[in-house]
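Here you go, one structure.
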Amino acid sequence: MPEPDFENRTVLVTGGSRGIGRACCVRLAQAGARVAINYHSRSDDALEAAKLVEAAGAEAMTVQANVADPGSVEAMVAAVNERLGPIDMLVNNAGVFEYVTHESTTLEHWQRTIDVNLTGLYLVTWAVKDQMIERGFGRIVNMSSISALRARPYGIAYAASKAGVVAFTKSASDALIPYNIRINAVAPGLIDTEILEGVDQATLDRIVAETPMKRIGQTDEIADVVHFLLSEASRFMMGQVLVASGGRVMLP
């Protein structure tokens, strides 16, 4: 279990009710942070995540918001500020993904994917950055994907959105580091979440076979990387993308 190095810090995790987001909430709670758990529609899942955060000894709140809607994001940040105090750390985890062929990649699908995965990340970051600038402290981790780093013929919009996350991370990090705001990203491989429900067994077997570690990743393994990037253990890192894929993608 991590040392309580985030005491008196408030963290907002978007898409925090399930999967990687929930694991991040629990890990950061174990590190002593107050945790705001954003969700879009599954309030029951968010409440369950809050119980896990509280069981880890941290204060929790759930906050509904559509990260692709500016007004919703503004209201979310205001609610967190009022309940838990200014946001010190942000995990931009909310996202959507579908296995879609090029024939089925409609403008509607493209726009929804970009709106949530990339525009949503921008909206939430911009909603918290001014308070971070004012206080001279901020730590942000963005959730990318190995889809940003390799061909994804059955997820063109998703791959494009996650590649945008990489570029956003590098550029925003360089712009905001003068204010002691560090921004980094994580690029997970296939992780054991609800996303696997839409993947047939043959595809899963193929992915495992081409993964050097010969297994699918676990949500807590990604949460460990997020915790590291938010912590002072990574204090000389900015604008980086850490790949956690069991070796399926290796950066130079």
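Only the coordinates and a few stated rules stand behind these numbers; no lab work does. This one's a predicted model, so the numbers in the text were calculated from it and none came from an experiment. A quick note on method: Cβ atoms are made from the backbone with ideal geometry, for glycine too, and the neighbour counts reach across all protein chains shown.
Please arrange I177, I183, I87 by how many other C-beta atoms lie within 10 Å of their C-beta, fewest to most.
Listing I177, I183, I87 from fewest to most nearby Cβ atoms yields I177, I87, I183.
Can you pull the Rg over Rh of the range 10-95, Cα-only, Kirkwood?
0.92
Taking the beta-carbon count within 10 Å as an exposure proxy, list E48, E232 from fewest neighbours to most.
E232, E48
Select from the chain the helices, each a whole stretch of DSSP H, whose alpha-carbon atoms run 20 Å or more along the helix axis and whose Kyte-Doolittle mean is at least -0.5; answer none if there are none.
70-84, 120-135, 156-176
Same structure again: I need the calculated FRET efficiency for the pair S104 and R83, taking r as the beta carbon distance and R₀ as 41 Å, to the nearest 0.05.
It comes out at approximately 0.50.
Hey, how many Å between the Cα centroid of the range 100-125 and the Cα centroid of the range 132-194?
Their Cα centres are 15 Å away from one another.
Also, quick follow-up: Quick one: L52, L149, L229, fewest Cβ neighbours within 10 Å first, how do they rank?
L52, L149, L229
Note down the relative contact order for the chain as a percent, whole number, built from C-alpha pairs under 8 angstrom at least six residues apart.
About 18 percent, as a whole number.
Summing -39500 (n - 2.57) over the DSSP H runs of n ≥ 4 in the chain and dividing by its residue number, what mean residue ellipticity at 222 nm do you reach, to the nearest 500 deg cm²/dmol?
-13500 deg cm²/dmol
Anyone know which of T106, T62, T169 comes out most mobile in the 10 Å Cα GNM of the chain?
Most flexible of the set in this elastic network: T106.
Another question about this same structure. Given the C-alpha atoms of the range 88-232, compute the convex hull and give its volume per residue in Å³.
Taking only Cα atoms, the range 88-232 has a hull volume of 113 Å³ per residue.
Along the charge dipole of the chain, pointing to its positive end and built from +1/-1 on Cβ of Lys, Arg, Asp and Glu, which listed residue (A187, M76, V128) has its Cα farthest out?
Toward the positive end, the furthest listed residue is A187.
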